[in-house]
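Reviewing the structure listed below.
The values are calculated or read from the model by the stated rules, or taken from the named source; none is laboratory data. As the structure is a computational prediction, the values presented were derived from the model and not from experiment. When we count neighbours, we look across all protein chains shown, and the Cβ atoms used for this are built from the backbone with ideal geometry, even at glycine. Ligands, DNA and RNA are excluded from the accessible area calculation, which covers all protein heavy atoms including side chains. Shrake-Rupley method; radii C 1.70, N 1.55, O 1.52, S 1.80 Å.
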Amino acid sequence: QVQLVESGGGLVQAGGSLRLSCAASGLSFGTYAMGWFRQAPGKEREFVAAISGIEIIYADSVKGRFIISRDNAKNTVYLQMNSLKSEDTAAYYCGSHLLVRNVVSGNVSYWGQGTQVTVSS
């Protein structure tokens, strides 16, 4: 079955950096668009970034600070998070779908279990 496993979360000071990873198995990774999402306590899950074979899309709130990338040989998608702010504190999830527009809308086929990122001010 399909599994998405996130890692790399933790506690970091404001202004610091973290890199999240999402390792995928059970799917033809290179054919899927991959995305990162986050959910803060009491808030809805929101889109952060997506990557397909030809497109990279970011939410306005992370443009210029976060970088999404993928390594198809390792079936892994990454999220490099720089200049972190307290408002970036959330559980971060990866998701996948064949269509990048579905990833952007959050209508994904598969979800990971999430990894917590806490930014202290």
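For the reader, a short list of remarks on this structure follows.
- Surface composition of the chain: carbon and sulfur atoms hold 48% of the protein heavy-atom accessible area at a 1.4 Å probe.
- CD proxy at 222 nm, helix term only [per DSSP H run n ≥ 4: -39500 (n - 2.57); per residue of the chain; nearest 500]: -1000 deg cm²/dmol
- Contact order for the stretch 55-121, expressed relative to its length and based on alpha carbon pairs under 8 Å spaced 6+ residues apart, stands at 29 percent.
- Solvent-accessible area per residue in the stretch 25-109 equals 48 Å², computed with a 1.4 angstrom probe and all protein chains kept.
- Size of electric dipole in the chain: Cβ of Lys, Arg +1 and of Asp, Glu -1, about Cα centre, debye, nearest 20: 80
- Length gained when the stretch A59-R19 is fully extended (0.36 nm per residue, less Cα-Cα span): 12.7 nm
- T118 versus L11: modelled label distance in nm, points set 7 Å from Cα along the beta carbon direction: 0.5
- Candidate cross-link partners of K43 among the aspartates and glutamates, defined by an alpha-carbon separation under 13 Å and a same-chain spacing of 8 or more, comprise E87, D88.
- Under-5 Å amide H pairs with V117, H placed in peptide plane, nonlocal only: G10, A90, A91, Y92
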